[in-house]
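Encoded as structure tokens, the structure appears first; notes follow it.
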Amino acid sequence: MTMNLHCLGASGEVGRSAFVLQTDRRVLLDYGVKIFDEAGKPTYPLKIENVRLDAAFISHAHLDHSGFVPNIYSFSKIPWYGTPPTYDIADILWKDSMKIQGDELPWTNAHYKKALKYWHPLMYNHAVGVGETSFEFRDAGHIAGAAMVHVEWKGRKLLYSGDFKSEKTRLHEGAKPLKEEVDSLVIESTYADREHPDRKGLEKKFSDEIYETINEGGTVLCPAFAVGRSQELIRIIRAYHKDVPIYLDGMAKEVARIYMKYKRYLRESEKFMEDMDSITLVESIQDRKNATEGGSVIVSTAGMMEGGPAVNYVKYLNRDSKIIFTGYCVEGTNGWMLQNKGQLRVDKNILEVELPVEYFDFSAHAGRGDLMQLVKEANPEKIVCVHGDRERSAKFADELKAMGYDALAPKLGDRISL
């Protein structure tokens, strides 16, 4: 007997990871949304043709993996499994989605409440059975609580990578995926064609930019993702700048509190706690005024500057200030416009920004070498390349074929026998 995979998203694209795995049971592996399509609107997974499901396993809280989970409870009452940090962070992100999109969402507050009710905690390296199929989470090293999903059924083994990072960072030790080889590997291909810069060297260059700006009386604004990136930046900045005032603003504050709650999911958690004690959580207009007076670093959502306080800070920075991005910005977003055109949309107007803008690639995804290493360690019969743009995933699959693997880059809606 074979496992079967139905690709509802993240096939020839980054975003809306959603797969139905069929064994003796029917299980969702992630159920996310694509935050920005070409028109700047969210896109949802393909509909599940047969609504009979038995469970869902959510790799981590980022909305492109968890953002459609509440919709499950418009047609089902299945349990969904995630680590405790995934549950708490997803709760914040789902509430924010309701706040921003309101009635436009294809799920309601009642569905959201059911999603919270039907969560089942699953820790790393612990297995749970659904029918005759065993599911186990492994540390993915991506954000707090992120997991790879190891599946075993009738002697057949599959590893679903989700998003993973093998390299050690300030917050995480790196992915710990395998205890043995598997028969099938469903692997992200976000950066299958490139390596990320050396982390230590990148941190040093980032630190130097901060030092130069502050030394000239400017403020450094770091628009950052609320989950993972903001917290890592606090660690990096404080490691190099012991006395520089750091201000943390936006949803990143709530997420930081969750990170502090789940210390066991962090590397050097005590250092993170110390760093958090040394910064200012922005809670007032006066805090924001103090943050822009020069000589400080502001870490604020949103990472792509679509919403959040980061956009408003730009209007109050002095001319010696600098804006530093540390994450990818989708084309058409405010962050992309600022990096490529020196412009921002503010209150429906276009603001010309004359401040210098820098970008540092602090990715939380695996680079090409790490992807190849996972393939080598897993030594699977079949490889499914997902969560990458169409050209990149297809090229990755072709390279793996040339190495002797049975590899493919599926299209949206494809059904694959594993």
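The values are calculated or read from the model by the stated rules, or taken from the named source; none is laboratory data. Since this is a predicted model, take the numbers as computed values, not measurements. So basically every Cβ, Gly included, is an ideal-geometry build from the backbone, and we count neighbours across all protein chains shown.
Quick notes on this one:
- Qualifying residue in the range 64-84 (condition: basic (K, R) and under 30 Å from M260 (Cβ atoms)): no
- Qualifying position, being among the charged types (D, E, K, R) and either farther than 30 Å from A394 by Cβ or in contact with a Cys (Cβ under 6 Å, 6 or more places away or on another chain) (or both), among K77, K47, K41: K77
- Members of the range 376-391 that are more than 19 Å from the chain's Cα centre (by Cα) and either buried (at least 20 other Cβ atoms within 10 Å of the Cβ) or farther than 13 Å from S189 by Cβ (or both): K376, E377, A378, N379, P380, E381, K382, I383, V384
- Candidate set: the range 295-315, residues that are modelled with pLDDT under 95 and part of a loop (DSSP other than H, G, I, E, B); chosen: the one surrounded by the fewest Cβ atoms within 10 Å (Cβ to Cβ): K315
- The set of residues from the range 61-73 being surrounded by fewer than 24 Cβ atoms within 10 Å (Cβ to Cβ) and more than 10 Å from A115 (Cβ to Cβ) comprises L63, D64.
- For the condition over 14 Å from L221 (Cα atoms), under 25 Å from the mean Cα position of the chain (by Cα) and free of Cβ contacts under 8 Å to residues at least 24 places away in the same chain, E331 qualifies.
- In this structure, G218 does not qualify as under 27 Å from K95 (Cβ atoms) and surrounded by 17 or more Cβ atoms within 10 Å (Cβ to Cβ).
- Residue that is nearest to Y328 (Cα to Cα), among those in the range 341-369 that are part of a strand (DSSP E or B) and under 27 Å from the mean Cα position of the chain (by Cα): Y359
- Any pair with Cβ under 6 angstrom, 6 or more apart, that starts in the range 311-322 at a residue that is among the small types (G, A, S) and ends at one that is part of a loop (DSSP other than H, G, I, E, B) and at pLDDT below 95: none
- Of all residues in the range 401-418 being farther than 29 Å from L63 by Cβ and of a type outside the set (K, R), the one that is surrounded by the fewest Cβ atoms within 10 Å (Cβ to Cβ): G404
Residue-wise test of (1) assigned by TED's automatic domain parsing to the domain that holds T333; (2) among the polar types (S, T, N, Q); (3) surrounded by 24 or more Cβ atoms within 10 Å (Cβ to Cβ); (4) within 24 Å of Q101 (Cβ to Cβ).
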| position | (1), (2), (3), (4) |
| --- | --- |
| A18 | no, no, yes, yes |
| Q22 | no, yes, no, no |
| L28 | no, no, yes, yes |
| I35 | no, no, no, yes |
| K41 | no, no, no, yes |
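- Elements of the type helices (runs of 4 or more DSSP H) sitting completely within the range 46-146 and holding at least 3 residues that are modelled with pLDDT of 95 or more and either over 28 Å from G388 (Cα atoms) or not assigned by TED's automatic domain parsing to the domain that holds V386 (or both): these cover 109-117.
- Within the set I246, I279, I237, the sole residue that is touching a residue at least 60 places away in the same chain (Cβ under 8 Å), touching a strand residue (DSSP E or B) at 6+ places or on another chain (Cβ under 9 Å) and within 23 Å of K204 (Cβ to Cβ) turns out to be I237.
- Residues satisfying the stated conditions in the range 277-303, i.e. in contact with a Pro (Cβ under 9 Å, 6 or more places away or on another chain) and closer than 21 Å to L93 by Cβ: V282, V299, S300, T301, A302, G303
- Some residue of the range 104-117 being aromatic (F, W, Y), free of Cβ contacts under 8 Å to residues at least 60 places away in the same chain and in contact with a strand residue (DSSP E or B) (Cβ under 7 Å, 6 or more places away or on another chain): no
- Count of the range 276-294 residues which are surrounded by 15 or more Cβ atoms within 10 Å (Cβ to Cβ), assigned to a loop (DSSP other than H, G, I, E, B) and at pLDDT 95 or above: 3
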